[in-house]
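Engineer: Can you read through this structure? Questions will come right after.
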Amino acid sequence: MITFVLSLVALVLGYFIYGRFVERVFGPDDRPTPALAKADGVDFMVLPSWKIFMIQFLNIAGTGPIFGAIMGAKFGPSAYLWIVLGCIFAGATHDYLSGMLSMRNGGANLPEIIGKYLGNVPKQVMLIFSVFLLMMVGAVFVYSPASLLQTLCKDSGVEFLTSSTFWIVVIFVYYIIATMMPIDKIIGKVYPLFAFSLLFMAVALMAMLFVKQPDIPELWEGVGEASLTAKNIFPCLFITIACGAISGFHATQSPLMARCMKSEKMGRPIFYGAMITEGLVALIWATVAMYFFYNEPTPGYQEMAGGESVISKAPGIVNMVCENWLGVFGSILAILGVVAAPITSGDTALRSARLIIADFIHLEQKSIRKRLYVCIPMFTAVIALLVWQMANPEGFDVIWSWFGWSNQTLSVFTLWAITVYLVRAGKNYFITLIPALFMTTVCVTYLFSEQVFSLDLTNATYIAAGTCVLVFVWFLVWYLKFNKKSE
């Protein structure tokens, strides 16, 4: 528990110290924001800062800081290092700067930002890449909350409530409505309540950790220990724990809130702060999972009836821990928080996809009819993806695996775009250059060793290192040319 406490303190200090440093590097000012300059009553409008924070937190959270942290804990206490260092120096920096760049560019979506700083070809690639990623999020984040709702209703005695198909249909209908409605009608009113449920769950579980004081591995007792997984800690840990450390998906969500902020100075508490909050949630769930997997003398899965049957199933672990630790009311509220997170991330993902497509084809979104022009084919594609996922026994795992890699690859492009912006603006570009190089290596290694080519780790690492060197040389050549031209 000492590592857990130190990690909590480090994340909080990271917000106040490094977060302020990153804010000074960017330099927010008093210029009019898109919410004021482009107000349309649908996507561009001023919302209260506390509400924007809650929506941003819920949008980026999903199941990532919960399920990802649980499965990442199988790598042992090294998960703490990645959550803390990744969140402070990579994830929160990535979220803040991508959100602020969107605001500085009129609420621009991610492909537009990448196109402006990396060129038209990367823009076209990212347009397809990000829309497909967002549709995968919509499909993935239907299935996992439907499974939890089915579990929650298992003793209700109502047959249709125990059917995952019923809950999938309900969630999908909600997606359609929420994606079409103005942002203040559903998202602005309901999301803060869901965010409260998710935060309540995290705080309640943290309190129980301090009450129980489990004997779990400390960082100095075995970095790299992974007794419950045969996967290589590098690169798998850095793909498994994404939303609690760094996630490219966040850069697709930040423009939604960049279009609702009345001042650039709200950026650090909203963008950087929401990511730090997500890191805290991931840290709590990673510690809960450490108890479940490693507690001495008896691991949690042996203390709880039926624990061994869910040891490889993150939703089952969530349900079991909440039921045993928080009682009936607490577990229902906690599970609803876990259910709300992916549902709300799913619908805002599809909302982002609608806006990205509409911006690309230059179709205004004030009228419902024109929103339908984008939504009908988009939802048809998501339904097809969902049907395929449900028809194939390994469908969810396949989509989740590609989602994980795509998610982190998106963060690579975002970090490089931000780095180019910082160079052009004469600002400290090392704050994103170093994370960009690291994540480039992680994603290429994962692609060649785990995702497609199944090469042994050594060869995959050599390829990744070579790719990283080539990318850095490209950046260096561009940097020297830029400086020469500037002179």
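Engineer: Could you go through segment 350-359 and let me know if any residue there is surrounded by fewer than 19 Cβ atoms within 10 Å (Cβ to Cβ) and either within 25 Å of Ile55 (Cα to Cα) or touching a strand residue (DSSP E or B) at 6+ places or on another chain (Cβ under 6 Å) (or both). Talk me through it step by step, then tell me what you get.
Structural biologist: Filtering segment 350-359 for residues surrounded by fewer than 19 Cβ atoms within 10 Å (Cβ to Cβ) gives 359.
Narrowing the set further to residues that are either within 25 Å of Ile55 (Cα to Cα) or touching a strand residue (DSSP E or B) at 6+ places or on another chain (Cβ under 6 Å) (or both) leaves 359.
Within segment 350-359 (the criterion being surrounded by fewer than 19 Cβ atoms within 10 Å (Cβ to Cβ) and either within 25 Å of Ile55 (Cα to Cα) or touching a strand residue (DSSP E or B) at 6+ places or on another chain (Cβ under 6 Å) (or both)), the answer is yes, since at least one residue qualifies.
Engineer: Find all pairs meeting these conditions: Cβ atoms under 8 angstrom apart; at least six residues apart or on different chains; first residue within segment 27-49 and in contact (Cβ under 8 Å) with a residue 40 or more places away in the chain; second residue aromatic (Phe, Trp, Tyr) and part of a loop (DSSP other than H, G, I, E, B).
Structural biologist: Short answer, once both residue conditions are applied: Pro34/Phe44; Ala35/Phe44; Lys38/Phe44.
Engineer: Go through segment 175-200 and give me each residue that's at pLDDT 80 or above and among the small types (Gly, Ala, Ser).
Structural biologist: If the condition is that a residue be at pLDDT 80 or above and among the small types (Gly, Ala, Ser), then Ala195 is the only one that fits.
Engineer: Another question, if that's okay. Any residue at all in segment 101-110 that's in contact with a His (Cβ under 8 Å, 6 or more places away or on another chain), part of a helix (DSSP H, G or I) and among the charged types (D, E, K, R)? Steps first, please.
Structural biologist: Of segment 101-110, the ones in contact with a His (Cβ under 8 Å, 6 or more places away or on another chain) are none.
Checked segment 101-110: no residue is in contact with a His (Cβ under 8 Å, 6 or more places away or on another chain), part of a helix (DSSP H, G or I) and among the charged types (D, E, K, R).
Engineer: Report whether or not Pro269 is closer than 16 Å to Thr63 by Cβ, out of contact with any His (no Cβ under 6 Å at 6 or more places or on another chain), open to solvent by 30 Å² or more (accessible area, probe 1.4 Å) and in contact (Cβ under 8 Å) with a residue 60 or more places away in the chain. Reasoning before the result, please.
Structural biologist: Details: closer than 16 Å to Thr63 by Cβ: no; out of contact with any His (no Cβ under 6 Å at 6 or more places or on another chain): yes; open to solvent by 30 Å² or more (accessible area, probe 1.4 Å): yes; in contact (Cβ under 8 Å) with a residue 60 or more places away in the chain: yes.
Criteria not met by Pro269.
Engineer: Among Val203, Val211, which is closer than 17 Å to Ala340 by Cα and modelled with pLDDT of 90 or more? Break it down stepwise before answering.
Structural biologist: Details: Val211 fails: closer than 17 Å to Ala340 by Cα.
Selected residue: Val203, the only one of Val203, Val211 that is closer than 17 Å to Ala340 by Cα and modelled with pLDDT of 90 or more.
Engineer: Which residue is most open to solvent (accessible area, probe 1.4 Å), if the candidates are limited to segment 220-239 and must be modelled with pLDDT of 90 or more and of a type outside the set (Phe, Trp, Tyr)?
Structural biologist: Narrowing segment 220-239 to residues modelled with pLDDT of 90 or more: 233-239.
Add one more test, that the residue is of a type outside the set (Phe, Trp, Tyr), and what stays is 233, 235-237, 239.
Working: Ile233: 56, Pro235: 0, Cys236: 2, Leu237: 4, Ile239: 14 Å².
Residue satisfying both the conditions and the ranking: Ile233.
Engineer: Report, ordered by the first and then the second residue, all pairs with beta carbons closer than 8 Å, sequence separation of six or more or different chains, a first member in segment 301-327 that is in a loop (DSSP other than H, G, I, E, B), and a second member that is surrounded by fewer than 18 Cβ atoms within 10 Å (Cβ to Cβ) and not hydrophobic (A, V, I, L, M, F, W, C).
Structural biologist: Pairs that qualify, where the first residue is in a loop (DSSP other than H, G, I, E, B) and the partner is surrounded by fewer than 18 Cβ atoms within 10 Å (Cβ to Cβ) and not hydrophobic (A, V, I, L, M, F, W, C), are Met304/Asn324.
Engineer: Return yes when Ile88 is more than 18 Å from Gln408 (Cβ to Cβ), part of a helix (DSSP H, G or I), among the hydrophobic types (A, V, I, L, M, F, W, C) and open to solvent by less than 40 Å² (accessible area, probe 1.4 Å) and no when it is not.
Structural biologist: Working: more than 18 Å from Gln408 (Cβ to Cβ): no; part of a helix (DSSP H, G or I): yes; among the hydrophobic types (A, V, I, L, M, F, W, C): yes; open to solvent by less than 40 Å² (accessible area, probe 1.4 Å): yes.
Criteria not met by Ile88.
Engineer: Here's something else I'd like to know. Filter segment 151-168 down to residues that are farther than 19 Å from Ile399 by Cβ and out of contact with any Cys (no Cβ under 6 Å at 6 or more places or on another chain), then give me how many there are. Give the derivation first.
Structural biologist: Let us first name the residues in segment 151-168 that are farther than 19 Å from Ile399 by Cβ, namely 151-163, 166.
Applying the additional criterion that residues be out of contact with any Cys (no Cβ under 6 Å at 6 or more places or on another chain) yields 151-160, 163, 166.
Within segment 151-168, residues that are farther than 19 Å from Ile399 by Cβ and out of contact with any Cys (no Cβ under 6 Å at 6 or more places or on another chain) number 12.
Engineer: Please tell me if Gln451 is open to solvent by less than 50 Å² (accessible area, probe 1.4 Å), among the polar types (S, T, N, Q) and within 30 Å of Lys481 (Cβ to Cβ). Outline the logic, then answer.
Structural biologist: Details: open to solvent by less than 50 Å² (accessible area, probe 1.4 Å): yes; among the polar types (S, T, N, Q): yes; within 30 Å of Lys481 (Cβ to Cβ): no.
When the stated conditions are applied, Gln451 does not pass them.
Engineer: Could you give me the residue pairs with C-beta distances under 6 Å whose first residue belongs to segment 452-471 and is touching a residue at least 60 places away in the same chain (Cβ under 8 Å) and within 19 Å of Met439 (Cβ to Cβ), whose second residue is open to solvent by 50 Å² or more (accessible area, probe 1.4 Å) and not aliphatic (A, V, I, L, M) wherever it lies, and which are 6+ apart or on separate chains?
Structural biologist: So the pair list comes out as Leu457/Asn232.
Engineer: Is it true that Trp405 is in contact with a Lys or Arg (Cβ under 9 Å, 6 or more places away or on another chain), open to solvent by 10 Å² or more (accessible area, probe 1.4 Å), within 25 Å of Cys243 (Cβ to Cβ) and not small (Gly, Ala, Ser)?
Structural biologist: Values: in contact with a Lys or Arg (Cβ under 9 Å, 6 or more places away or on another chain): no; open to solvent by 10 Å² or more (accessible area, probe 1.4 Å): yes; within 25 Å of Cys243 (Cβ to Cβ): yes; not small (Gly, Ala, Ser): yes.
Here the answer is no, as Trp405 does not meet what is asked.
The values are calculated or read from the model by the stated rules, or taken from the named source; none is laboratory data. Since we're looking at a predicted model, the values are computed, not measured. Cβ: placed from backbone, ideal geometry, glycine included. Neighbour counts: every protein chain shown. These accessible areas exclude ligands, DNA and RNA; they are computed on the full protein's heavy atoms, side chains included. Shrake-Rupley method; radii C 1.70, N 1.55, O 1.52, S 1.80 Å.
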